[in-house]
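Asks: Got a structure for you, questions after.
The values are calculated or read from the model by the stated rules, or taken from the named source; none is laboratory data. Remember, it's a predicted structure, so these values are computed and weren't measured experimentally. Virtual Cβ from ideal backbone geometry, glycine too; neighbours counted across all protein chains shown. Accessible surface areas use protein heavy atoms only, side chains included; no ligands, DNA or RNA. Shrake-Rupley method; radii C 1.70, N 1.55, O 1.52, S 1.80 Å.
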Amino acid sequence: MTQYLDQRGRPRVVVTGMGALSPLGNSAPDSWRSAVGGVSGIARITQFDASDYPCQIAGEVKDFDPKQYMDFKEARRMSRASQLTVAAAVQALEMAGFGNGVPDKERTGVVIGTGMGGFEKANENMEILRERGIGKVNPFALSASLPNMPSHHVSLLAGTLGPISTVVAACATGTQSLGEATEFIRRGTADVIIAGGVEGLIHPGALAGFSAMRALATSFNDCPERASRPFDLHREGFILSEGVGVVVLERMDQAVARGATIYAEVLGHASSSDAFHVAAPDPDGDGALRAMRWALGDAGLEGEQLDYVNAHGSSTPINDQVETLAIKRLLGEYAYEIAVSSTKSVMGHAMGGTGALEAIFCIYALYEGLLPPTINYETPDPECDLDYVPNVARRVPIRTAMSNSFGLGGQNACLVLGRVDNGHSPTDGEPAG
C-alpha cells in the first residue's frame, strides 16, 4: 500500500474525471482541442448590447442549453454559474464512472469556487425592486446569487453527504479550489471530492467595472480573436470570459481498485498573499514566487524537475512582466529551458473558473505530451523573454506541470500536477469501468 502514499505518508490524490464548458467548447475534450489547436473563443458579446462600451468582446460559452442537464423549472431558479457547474459536474462524474452515483455518499464531498457567484441574480432583483416594487421581487433570486450555490447544486445532484466548501479568491479561485479539495482527501476526511471553479459574469456591471479600471483590451473590437495576447509587447489588457471546469479527485488506491482511468495526479499546491495592493501585483513578484516555491515543496520536487508552466498570463502589461520575473527567480537559468504558455490567449480570463479550466488543460498536456500554444505572440517583449510556446502547439513528453493563478486582492495560488501512466487518454471521453 505504500505506493499509494506520497513522500509524507499522505494518500495520493488523482484525477479520474473532467467536465468543462468554456468559450472553446462545451466539454473538456472539445475545449482542449480548441486550445491546443490555437482556435480563439473570443468574439463580440451577444448576451447584452455592448456597443457603447470601450471593450465590446468577451469569451462566452456558446450554445449552452441547461435543459440538457437539468429540469427547466430548476434551471430557472439557478444562476448561470450554477447551471454551468451542474453541467460540468455531470460530465465529470460520467467520465469518472460515477454516472450512476458515487459509491459512498458520506465519503464524497464538493469544493466549487467562484469569484462572483450569481452576481446577475442580485442585480436583476434590484432592478425589479426599483421598477416594479417589493411585491414583484423574485423569492429565489437572493439564494441563487450566493457564491456557495454551485457547490450546493452539485452536492444535490450527486447526493453527496461529505464535506462541502466554497472558495472565493478572485482570479485564483479555481486553482485554490482544487488545492483545498486535495487536502480533504489527504487528511482522510473524504475519498472522493468533486472540485472546480466557475464564473458566469458576462454582465454589463462587470464589463463596466473592469472598463473603469482600464484593465481590458480595447483596440480589438473588430478582430476579437487577436485581442488576448499574453507576453506580447503590444498586449493591452485581459478579455473577460466565462466558463467552468470540474474534476473528480479520488484516493489513488480506491481509483486503482475499481479500475478507473487515472488522468493525472495532484502532486502539490499552495497559496500566498501579496499584501501589497487591491489590483496591482507586487512588482518584485514575491507573492507569486512564494506560491510557486511552496507548491513545489508540497510536491517534493526541485525546480529542475518541472517540465511545463501554464502561466496565469492574463495579457495585462504588468501581470505578464511580473509573472515572468517570478518564474525566473524561482528557476534561475532553468527558466530559459522550460516551456511556459498561456491558454488565456485563446479563451480570455474566466475569473473564478479559469484556474480549474487551466488545470484541465495541464492534465491533457501531461497525458498527450502536447503543449498548448500562446497565440497572438507576434512581437517579443524584452521584459518577457521566456519560451512561451508561440502560436503553435508543441509535442513534448512531459511528466510534471505547474498551473499558476494570481488574482485581485493579492491572491496567489499554484497547483503542481503529474503524469500517471495507465494506458488511457482523456480525449477518449470514455467512462471508467
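Asks: Checking the condition small (Gly, Ala, Ser) and either part of a loop (DSSP other than H, G, I, E, B) or surrounded by fewer than 21 Cβ atoms within 10 Å (Cβ to Cβ) (or both), which residue from 155, 177, 211 passes? Steps first, answer last, please.
Replies: On the way: 155 fails: either part of a loop (DSSP other than H, G, I, E, B) or surrounded by fewer than 21 Cβ atoms within 10 Å (Cβ to Cβ) (or both); 177 fails: either part of a loop (DSSP other than H, G, I, E, B) or surrounded by fewer than 21 Cβ atoms within 10 Å (Cβ to Cβ) (or both).
So the residue among 155, 177, 211 that is small (Gly, Ala, Ser) and either part of a loop (DSSP other than H, G, I, E, B) or surrounded by fewer than 21 Cβ atoms within 10 Å (Cβ to Cβ) (or both) is 211.
Asks: What pairs can you find where one residue is in region 15-35 and touching a residue at least 60 places away in the same chain (Cβ under 8 Å) and closer than 16 Å to residue 366 by Cα, the other is open to solvent by 10 Å² or more (accessible area, probe 1.4 Å) and in a strand (DSSP E or B), and their Cβ atoms are less than 6 Å apart, with a gap of 6+ or different chains?
Replies: Filtered contacts from region 15-35: 31/25.
Asks: Can you tell me which of 334, 377, 308, 367 is at pLDDT below 95 and hydroxyl-bearing (Ser, Thr, Tyr)?
Replies: Unique residue meeting the criteria: 367.
Asks: Provide a single number: the residues in region 315-330 that are open to solvent by less than 10 Å² (accessible area, probe 1.4 Å) and within 15 Å of residue 401 (Cβ to Cβ).
Replies: 1
Asks: Then there's this: Checking residue 160 against (1) open to solvent by 20 Å² or more (accessible area, probe 1.4 Å); (2) at pLDDT 95 or above; (3) in a loop (DSSP other than H, G, I, E, B); (4) not acidic (Asp, Glu), which test does it fail?
Replies: Here residue 160 clears every test but (1).
Asks: Next up: If you go through region 280-298, how many residues are over 16 Å from residue 323 (Cβ atoms) and at pLDDT below 95?
Replies: 0
Asks: Need a quick list: helices (runs of 4 or more DSSP H) entirely within region 22-138 having at least 2 residues that are at pLDDT 95 or above and open to solvent by 10 Å² or more (accessible area, probe 1.4 Å).
Replies: Filter on region 22-138 gives 28-36, 80-96.
Asks: May I ask you to list the residues in region 139-152 that are open to solvent by 40 Å² or more (accessible area, probe 1.4 Å), modelled with pLDDT of 95 or more and outside any loop (DSSP other than H, G, I, E, B)?
Replies: The answer is 152, and nothing else.
Asks: From the residues in region 260-279 that are open to solvent by 30 Å² or more (accessible area, probe 1.4 Å) and among the aliphatic types (A, V, I, L, M), which one is modelled with the highest pLDDT?
Replies: Once the filter is applied, the top-ranked residue is 267.
Asks: Follow-up question, since we're still on this one. Go through region 219-251 and give me each residue that's in a helix (DSSP H, G or I) and either open to solvent by less than 10 Å² (accessible area, probe 1.4 Å) or of a type in the set (D, E, K, R) (or both). Talk me through it step by step, then tell me what you get.
Replies: Within region 219-251, the subset in a helix (DSSP H, G or I) is 224-226.
Result: 225, 226.
Asks: Could you tell me whether residue 257 is among the hydrophobic types (A, V, I, L, M, F, W, C), under 24 Å from residue 25 (Cα atoms) and surrounded by fewer than 23 Cβ atoms within 10 Å (Cβ to Cβ)?
Replies: In short, no.
Asks: What's the total number of residues in region 208-261 that are without any contact (Cβ under 8 Å) to a residue 60 or more places away in the chain and over 30 Å from residue 181 (Cβ atoms)?
Replies: Looking only at that region, the number is 5.
Asks: Quick one: would you say residue 372 is open to solvent by 20 Å² or more (accessible area, probe 1.4 Å), modelled with pLDDT of 95 or more and not charged (D, E, K, R)?
Replies: no
Asks: Report whether or not residue 357 is assigned to a strand (DSSP E or B) and either surrounded by 24 or more Cβ atoms within 10 Å (Cβ to Cβ) or aliphatic (A, V, I, L, M) (or both). Before the answer, list the steps.
Replies: Numbers: assigned to a strand (DSSP E or B): no; either surrounded by 24 or more Cβ atoms within 10 Å (Cβ to Cβ) or aliphatic (A, V, I, L, M) (or both): yes.
So residue 357 fails the test.
Asks: Is it true that residue 11 is modelled with pLDDT under 95, within 21 Å of residue 194 (Cα to Cα) and touching an Asp or Glu at 6+ places or on another chain (Cβ under 9 Å)? Can you show your working first?
Replies: Numbers: modelled with pLDDT under 95: no; within 21 Å of residue 194 (Cα to Cα): yes; touching an Asp or Glu at 6+ places or on another chain (Cβ under 9 Å): yes.
In short, no.
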